[in-house]
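Below is one structure; the comments refer to it alone.
The values are calculated or read from the model by the stated rules, or taken from the named source; none is laboratory data. Note that the coordinates shown come from a computational prediction; the quantities given were computed from them, not determined experimentally. All Cβ positions, glycine included, derive from the backbone under ideal geometry; neighbour counts span all protein chains shown. For accessibility, only protein heavy atoms count, side chains too; no ligands or nucleic acids. Shrake-Rupley method; radii C 1.70, N 1.55, O 1.52, S 1.80 Å.
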Amino acid sequence: MSMVIPFVARSDENDRQTWIEALGAAMPDHRIKRFEELTEIERQSARVAIVADPDPADIAGMPDLLWIHSLWAGVERIANELPVDGPIIVRLEDPQMSKTMAEAVLAWTLYLHRDMPRYRRQQEERIWKEHALPLPSERTIGLLGLGVLGRAAAAKLLQQEFRVCGWSRSKTTMDGVETFHGADELYQVLAKSDIVVVLMPLTAETRSLLDDGRLSAMCAGSSLINFARGPIIDAAALLGHLDSGHLDHAVLDVFNEEPLPKDNPLWGHPRVTVLPHISGPTNRTTASAIVAGNIKAYLETGQIPPGVDRARGY
Ligand code: NAP
């Protein structure tokens with residue numbers, strides 16, 4: 001049976017049009033309609049909607065929505081903005097996204113492992129100087145977050161023969177990975193990692209998790225990669241640890257404010273690599289296929305995919 005499926009997004013028209021085309025191609029039997037194009041009857045009768053950073057007022061305009069399917073893996077903003085008794089929030093879990101993020105973790109780990117920021121600085125000063133290169137097996141990479149993306153990243157790092165440890169909220173195991181959990185054990189991961197990679201959601205518990213005290217607990221000369229959310233790290237404290245030389249380098253893909261304001265000191269800091277939130281982009285084709293599959297299963301069986309735990313915040 002053909003259905004109208006609302007699409008609710010706050011992005012620009014070009015972006016929305018491209019999404020509608022990709023989703024339409026993945027769901028040729030249904031009609032994907034922008035929220036503002038829906039008739040009053042369509043708004044009232046909608047049970048499922050596809051969303052990308054939706055305006056909460058639009059979601060409230062569809063009172064019988066049972067669930068919304070996000071096109072992003074990170075749903076911190078929606079979970080914050082929508083009422084707890086609102087529709088179930090289903091986030092994107094796309095194996096392609098996991099591969100892409102794992103590739104980013106490996107790429108930027110190698111960037112640090114192979115001392116590329118230092119060689120870049122040397123080039124600027126025309127310095128010809130070789131530095132010792134440890135084996136990957138002599139480097140420990142600490143993943144903060146061992147969820148869908150953290151596990152994919154761990155597997156990729158293990159293939160490259162890095163030593164990998166990981167930290168999560170609840171106890172977990174993974175072959176080849178030394179695992180830690182809970183607030184106290186975070187210090188053990190920080191103290192043994194040469195590179196710490198942040199891959200966890202922003203929640204009330206993880207906001208400012210890496211504050212001055214925990215950054216102090218990182219090994220001297222270690223580096224940090226943040227591919228999760230900016231507010232997990234206290235940016236002022238991080239700058240202090242980079243300036244003092246306690247930390248060697250930070251690769252930052254996410255910030256408190258995005259785009260990063262032009263006058264932010266992170267831009268010009270020699271020990272910071274600024275990336276414009278590109279570590280794990282959603283691929284429109286694979287994401288549309290996943291969303292189409294989940295909506296098809298729901299229409300056939302009534303089964304809604306597992307949603308975000310609103311009390312936990314992810
Ligand atoms: P996920 O599957 O939900 O995994 C989250 C992990 O974080 C889990 O291991 C979880 O522990 C752990 N965690 C959560 N709260 C914690 C706490 N208070 N203390 C310790 N560990 C905690 O999420 P995911 O799919 O891997 O995605 C992680 C994040 O990546 C997203 O939330 C998003 O912010 C970010 N992301 C960024 C980009 C980008 O382009 N930069 C793209 C996609 C996603 P448990 O296993 O015990 O639950």
Checklist entry - How many residues, within region 175-190, are within 13 Å of the ligand (Cβ to nearest atom), surrounded by fewer than 18 Cβ atoms within 10 Å (Cβ to Cβ) and not in a helix (DSSP H, G or I)? => result 1
Checklist entry - Does region 117-131 contain any residue that is acidic (Asp, Glu), over 19 Å from residue 190 (Cα atoms), open to solvent by 30 Å² or more (accessible area, probe 1.4 Å) and part of a loop (DSSP other than H, G, I, E, B)? => result yes
Next on the checklist: Can you list residue pairs whose Cβ atoms sit under 6 Å apart, with the first residue in region 286-299 being under 17 Å from residue 72 (Cβ atoms) and the second being among the aromatic types (Phe, Trp, Tyr) and part of a helix (DSSP H, G or I)? Count only pairs 6 or more apart in sequence or on different chains.
Outcome noted: none
Item to check | Tabulated pairs, region 1-21, first part of a loop (DSSP other than H, G, I, E, B), second surrounded by 18 or more Cβ atoms within 10 Å (Cβ to Cβ), C-beta under 7 angstrom, 6+ apart or interchain | outcome: 2/30; 3/30; 10/54; 11/52
Checklist outcome for this item: The condition from (1) of a type outside the set (Lys, Arg); (2) outside the structural domain of residue 113 (by TED's automatic domain parsing); (3) surrounded by 13 or more Cβ atoms within 10 Å (Cβ to Cβ) that residue 247 misses is numbered (2)
Checklist entry - Does residue 150 satisfy the criteria of being under 26 Å from residue 305 (Cβ atoms) and open to solvent by less than 30 Å² (accessible area, probe 1.4 Å)? => result yes
Item to check | Candidate set: region 191-209, residues that are assigned to a loop (DSSP other than H, G, I, E, B) and of a type in the set (D, E, K, R); chosen: the one farthest from the ligand (Cβ to nearest atom) | outcome: 194
Next on the checklist: Could you tell me how many of the residues in region 269-314 are exposed (fewer than 15 other Cβ atoms within 10 Å of the Cβ) and of a type in the set (A, V, I, L, M, F, W, C)?
Outcome noted: 3
Next on the checklist: Checking the condition of a type outside the set (A, V, I, L, M, F, W, C), within 30 Å of residue 47 (Cα to Cα) and in contact with a helix residue (DSSP H, G or I) (Cβ under 9 Å, 6 or more places away or on another chain), which residue from 306, 201 passes?
Outcome noted: 201
Checklist outcome for this item: Note on region 257-268: residues touching a strand residue (DSSP E or B) at 6+ places or on another chain (Cβ under 9 Å) and either open to solvent by 30 Å² or more (accessible area, probe 1.4 Å) or under 19 Å from residue 213 (Cβ atoms) (or both) are 264, 265, 267
Checklist entry - Could you list, in sequence order, the residues of region 210-253 that are within 16 Å of the ligand (Cβ to nearest atom) and assigned to a strand (DSSP E or B)? => result 210, 224, 225, 226, 233, 250, 251, 252
